[in-house]
Amino acid sequence: MALVTSAEAGLNAIKRGATIVQLRAPDLTARDLEREANALVPKASVPVVLSSRCDVALAAGAAGVNLPERDISVAEARTLMGQRLVGRSVHSIESAVAAERDGADYVIFGPVWPSPSHPDEKAQGTQALAEVARAVRVPVLAIGGVTSERVEECTKAGAAGYAAITLFK
């Protein structure tokens, strides 16, 4: 999963091998986010999810949403999104289990390694990633400091895949 801030970056990430794109642009207004989503979703050859904004995801015809832990509940998002994808970014086993119980299709766990995009977050390591992957049945994506050299470590720990910002630039 490539985390991008614009349609252009999303299309470039797809060219670089992303199999799903998350449009995550917290500084954009709803109108600007919708503009970026409308420029990306119809051209994308992979599913596109939006960070946090169920309303914009629905308006743009996106595949779904990914919700930070501080966002609305997975159950509420599921009510709004119907059969579209609903993911949750988590930082603990308890949050992963709760997200699965509430109807999440996948969880993103991290940061696994130190990450320049979240310098204040403590890296949790591949052991914690493995524990989360064993605790839930939904796919777990590793995030935080993922590089091409670390992808295999994610898989060995039980992750179904990974999410990254820098790797797809």
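No lab work stands behind these numbers, since they all come straight from the coordinates. None of the values given here were measured: they were computed from a predicted structure. Cβ sites come from the backbone with ideal geometry, for glycine too, and all protein chains shown count toward neighbours.
Charging the Cβ of each Asp and Glu at -1 and of each Lys and Arg at +1, and nothing else, the dipole of the chain about its Cα centre rounds to 380 debye.
Among residues other than Arg134 with Cβ under 15 Å from its Cβ, the summed charge is -1 (Lys and Arg +1, Asp and Glu -1).
At full extension, Arg134 and Lys15 could sit 39.6 nm farther apart than now, given 0.36 nm per residue minus the alpha carbon distance.
3J(HN,Hα) couplings calculated from phi for segment 153-169 with the Karplus curve 6.51 cos²θ - 1.76 cosθ + 1.60 (θ = phi - 60°) are, in sequence order, 4, 4, 4, 4, 7, x, 5, 7, x, 8, 10, 7, 9, 5, 4, 9, 7 Hz; Gly and Pro show x. Summed over qualifying helices (DSSP H, 4 residues or more, each -39500 (n - 2.57)) and divided by its residue number, the chain shows a 222 nm mean residue ellipticity of -10000 deg cm²/dmol.
Cross-chain or 8 or more residues apart, Cα under 22 Å: how many lysine pairs in the chain fit that? Count them up, please. Close lysine pairs under the 22 Å cut-off: 4.
Computed on the chain, with alpha-carbon pairs under 8 angstrom and 6+ residues apart, the relative contact order is 17 percent. Each of Leu80, Leu167, Leu33, Leu50 was scored by other Cβ atoms within 10 Å of its Cβ. Listed from fewest to most, they are Leu80, Leu167, Leu33, Leu50. Computed from the C-beta positions of Ser73 and Ser45 and an R0 of 30 Å, the FRET efficiency is 0.45 to the nearest 0.05.
Near Val46: Cβ cut-off under 13 Å, other residues only, Lys/Arg at +1 and Asp/Glu at -1. The net charge is +3. Summary: within the chain, the longest segment free of GluC sites (Glu not before Pro) located in DSSP loops with at most 14 other C-beta atoms within 10 Å is 1-68. Stretching the chain fully between Val151 and Glu121 yields a gain of 8.8 nm (0.36 nm per residue, less the alpha carbon separation).
For segment 2-168, the C-alpha radius of gyration divided by 2.2 N^0.38 Å, with N the number of residues, is 0.97.
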